[in-house]
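Since the structure comes first, as structure tokens, the remarks are kept for the end.
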Amino acid sequence: MGAPSGHDGERDPFRKPEFERVFSEEAAYVGRTLRYLGVHEAHVEDVAQEVFLVVHRRLSELTGGSIRAWVRQICVHSASNYRRSKKRRPEDAAAEPDSAIPASQHDDAENAQVRRRLLAALSALPDDQRDVFVLFEIEGLTMSETAEATGCPLQTAYARLYSARSKLQEALKGASQ
Amino acid sequence: MSEDPPRLLDGDSELGRALRATQGDVLSPDAITRVKAGVSAKAAAPAAATSASMLSKLVVLAVVVGAGTAVYLAASKDEPTRPVSVATTAPILVAPSAAPEPTPIPAADQPAASATQVPAVVATDVPRSRPKPVASQPPADAVTREGAILLEARRLVETDPARALMLVKQCERDFPNSQLSPERERIATQAKQHLAP
């Protein structure tokens, strides 16, 4: 796996980072990743804690590769667990994500509205397509990193990406009309 | 990576616009601080618990081994006046680590606490002329378990005498031949006094 193409710096050749550094570079984006992977706004911080506890526990086992892709892989697993538990608890499922994200102080209402529509459309996707789309289009991973983070072959990741794009474009087109 | 498809984020489609809107949607500094505090607390908690558990186990082990050795020496010298009671005092002293005492006894204070807490039990309990005290000793872990239960009972004797009495009866069932029976009786008496109208 090559260097990450996302928002963080160069990591080639691989040097095992300290937890503090990983946290400071990834925490803000982990929150976003979890949110678009289907974690309700009210639970994002809790699930983010779980993600970084795993990072803290397993960082010493890391031998190479993209830290960002590795952290996103943990996000995918944590979000998957969260979604499963949410399905088991109908009272949580009642809180739909499209009403969960408020406009932040750095944000305008129009962007918040667009994001709500995107979240609603994402929530209608199959989980495997959603994971690939979010990691590639929002988190900026490469396709090979995305495939690794989601645990599928590269060609499968491509198929999921194109399928997700098609469905989302259709959904947003319908929502804007 | 060159084989990656163009990202919609860079395009003019409705979806591209939505993706651009997500880029500023990150955790706030306050939220990051909360997440970090939670991670620090949870990451530190298992280590602290492990240390405390190890310490309490070491204290238990040291006291039980010491008591066993004393009993063995007493038996091997065949001196009936040698206090067999050492073993009976030990478990009660180590039990605080297993029970949620409001004022737990630090490990370093264990020997001092032993001298003040249960002295009378020993002197009156064990027959001095018992020829083979080692053979009749209950297993060390049983003594330790009973000591822990009795300590919990003693802790509850004023606040929840019914529960304390139940714990004593549990000890009577589980450890019928225990040398801690005087302590059991004492706790039971106190519990009944508190239960009395």
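The number of residues in the stretch B:4-20 being under 19 Å from A:GLU170 (Cβ atoms), more than 7 Å from chain A (Cβ to nearest Cβ) and part of a helix (DSSP H, G or I) comes to 1. I'd like to check something: does the stretch A:163-173 contain any residue that is loosely packed, with under 15 Cβ neighbours inside 10 Å, modelled with pLDDT under 90 and within 9 Å of another protein chain (Cβ to nearest Cβ)? Yes, some residue in the stretch A:163-173 is loosely packed, with under 15 Cβ neighbours inside 10 Å, modelled with pLDDT under 90 and within 9 Å of another protein chain (Cβ to nearest Cβ).
Within the stretch B:158-168, restricting attention to residues that are free of Cβ contacts under 8 Å to residues at least 12 places away in the same chain and in a helix (DSSP H, G or I), the residue that is nearest to B:ARG145 (Cα to Cα) is B:MET166. For the stretch A:47-76, the candidate set comprises residues that are over 13 Å from A:VAL22 (Cβ atoms) and surrounded by fewer than 17 Cβ atoms within 10 Å (Cβ to Cβ); within that set, the residue that is farthest from the other protein chains (Cβ to nearest Cβ) is A:THR63.
The values are calculated or read from the model by the stated rules, or taken from the named source; none is laboratory data. Remember, predicted model here, so these are calculated numbers, not experimental data. No Cβ is skipped: glycine too gets one built from the backbone with ideal geometry, and neighbour counts run over all protein chains shown.
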